[in-house]
Amino acid sequence: MDNRLLEILACPICKNGLRHDRQALELICDHDHLAFPIRDGIPVMLVAEARSTEQAASAHDLPVQDNLADPTAQMGSSDANTQTNSSEARSQDKTSSDRDGKASD
């Protein structure tokens with residue numbers, strides 16, 4: 001890798017300089033503990049492509065499970081029951097108002 005390029009490249013997160021690991025073909029940010037790959041001689045400076053250089057990742061650094069499809073997945077069981085009961089109540093209210101509206105026609 002060209003030393004001139006290494007001099008101008010910076011970590012996309014903290015903007016600090018990077019260390020070139022020639023053996024692993026990576027650019028290392030010691031501040032953020034990330035290693036950016038070099039593929040076909042081109043540094044890939046995307047955070048999503050970087051790997052952690054920390055020995056043991058702490059629990060808050062682990063990837064979040066994708067439970068966004070089910071909004072109750074991250075709630076406690078009592079919160080989920082409350083949301084279900086509220087939804088059922090709205091559904092019953094709508095059914096009652098539909099019946100009341102049809103009866104007056």
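The values are calculated or read from the model by the stated rules, or taken from the named source; none is laboratory data. Keep in mind that what you see is a predicted model, and the values were worked out from it rather than measured. Here the Cβ positions follow ideal geometry from the backbone for every residue, glycine too, while neighbour counts run over all protein chains shown. For the accessible areas, the whole protein counts, side chains as well, though only heavy atoms, and no ligand, DNA or RNA atoms are used. Shrake-Rupley method; radii C 1.70, N 1.55, O 1.52, S 1.80 Å.
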Charge context of Glu26, other residues only, Cβ under 15 angstrom, K/R +1, D/E -1: -2
Whole-number accessible area per residue in Å² for the range 1-40, which is evaluated in the context of all protein chains at 1.4 Å: 67
Full-extension gain in nm, Ile8 to Ile42, via 0.36 nm per residue minus C-alpha separation: 10.9 nm
